[in-house]
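Participant: Just dropping this structure here.
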Amino acid sequence: MTTAQDLVTQIRFLTNTEVSQFVTDPELLIYVNSSCGELDDILVANQQYYRLINVVIPITSGNLLPLPIDCYQINEVDFYYAPLQSQPWARLERFELAEQTMYSNSQARNIYGVPNLKYMLQDGYVAIVPEASAIGSYRLWYTPIYKMMALTDTIPLYFENNAWREYVVVDSSIKVLNKQNLDPSAFMAQKEALKARIKSMSSKRDAGNPMHVANTRNFGFEYGGFGGGFF
């Protein structure tokens, strides 16, 4: 497995700084983590399910779900409704302020009896509306933040790809040359080529099952015909 120290060694080799301490290993580690974070942003932006995980969070009072401390971005919020039995998780749609009066009716339900709930992302929380019907269990699908590495840490498994690792090394090398006031243009051109390659490859991660338009509006609500979806 590749470690952060392995990447630092490659950077020193490419930038001819094997014996120089003008840029120290701790500083190179900062460059590596910064470049890994940039690569992670590219992968997540290009494929929203790339590192998706989920957690079940209950609401016992009020209407606020605390975001996990490692939450980078949320992808979906589901509500657990036991009477559905075989498919108890109902996908919630995002709530817009313009819909405030429309969703004040806590009795609104769809044809399967699921409360007509929506969610809104707030600072540190996911708010469920209407509040009067918010008690229950919720499944939050989210992408966690990139975890910073120490020199001895192995790089994340999803970076174990030649183009992925090379991007980190090349981008970090640009930072090293910039600090030395040297021309990084060759590395910058290489970086752009790698970025294009990574975007193309990451979008085809699950090549056997291409993305398709999902039907999320099969079930109309009894009150006002609001759309909802189920897994």
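Participant: Within a Cβ distance under 11 Å of Tyr142, other residues only, what is the Lys/Arg minus Asp/Glu net charge?
Facilitator: My count for the surroundings of Tyr142 gives 0.
Participant: Need one number: nm distance between label points at Asn46 and Leu64, each 7 Å from Cα along Cα→Cβ, rounded to one decimal.
Facilitator: For Asn46 paired with Leu64, the spin-label model returns 3.8 nm.
Participant: For Lys175, list the lysines whose Cα falls under 23 Å from its own Cα; do not include residues on the same chain fewer than 8 positions away.
Facilitator: The reachable lysines, counting only those whose Cα sits under 23 Å from Lys175, are Lys147, Lys191, Lys195, Lys199.
Participant: Okay, moving on. Using only the alpha carbons, work out the radius of gyration and Dmax of segment 9-49 in angstrom.
Facilitator: According to the Cα coordinates of segment 9-49, Rg and Dmax are 13.5, 42 Å.
Participant: Could you tell me whether segment 159-198 comes out rounded, prolate or oblate from its Cα gyration tensor? Rule is a ≥ b ≥ c as square roots of the eigenvalues, rounded for a/c under 1.5, then prolate if a/b exceeds b/c, otherwise oblate.
Facilitator: oblate
Participant: Apply 1/(1 + (r/R0)^6) to the Cβ-Cβ distance of Ser200 and Thr9, taking R0 = 22 Å, and write down the FRET efficiency to the nearest 0.05.
Facilitator: It comes out at approximately 0.20.
Participant: Of Leu14, Leu29, which has the most accessible area with a 1.4 Å probe, and how do the rest follow in descending order? Intermediate values should be presented prior to the final figure.
Facilitator: On the way: Leu14 75, Leu29 30 Å².
So the residues, ranked largest to smallest area, are Leu14, Leu29.
Participant: Further question on the same structure: With N residues in segment 133-208, what two-decimal value do you get for its Cα radius of gyration over 2.2 N^0.38 Å? Each step should come with its number before you reach the end.
Facilitator: Numbers: Rg = 18.0 Å, N = 76, 2.2 N^0.38 = 11.4 Å.
Against the compact-globule rule of thumb, the ratio is 1.58.
Participant: Continuing with this model, one more query. Round to the nearest 10 and report in Å² the accessible area of Glu96, as given by a 1.4 Å probe over the protein chains' heavy atoms.
Facilitator: Roughly 80 Å² of Glu96 is accessible to a 1.4 Å probe.
Participant: Go through segment 1-50 and name the GluC sites (Glu not before Pro) that are in a DSSP coil and have 12 or fewer other Cβ atoms within 10 Å of their Cβ. Write down the numbers at each step before the final one.
Facilitator: Values: sites: Glu18, Glu27, Glu38; in loops: Glu18.
Here the sparse-neighbourhood loop sites are Glu18.
Participant: How high is the FRET efficiency from Thr2 to Leu121, r the C-beta distance, R0 41 Å, rounded to 0.05? Don't skip to the end; give the middle numbers.
Facilitator: Numbers: r = 35 Å, r/R0 = 0.85.
Taking R0 as 41 Å, the efficiency between Thr2 and Leu121 is 0.70.
The values are calculated or read from the model by the stated rules, or taken from the named source; none is laboratory data. Note that the coordinates shown come from a computational prediction; the quantities given were computed from them, not determined experimentally. Neighbour counts are summed over all protein chains in view; Cβ atoms, including those assigned to glycine, are modelled from backbone coordinates with ideal geometry. When the accessible area is computed, the model is the full protein with side chains, heavy atoms only, and any ligands, DNA or RNA have been set aside. Shrake-Rupley method; radii C 1.70, N 1.55, O 1.52, S 1.80 Å.
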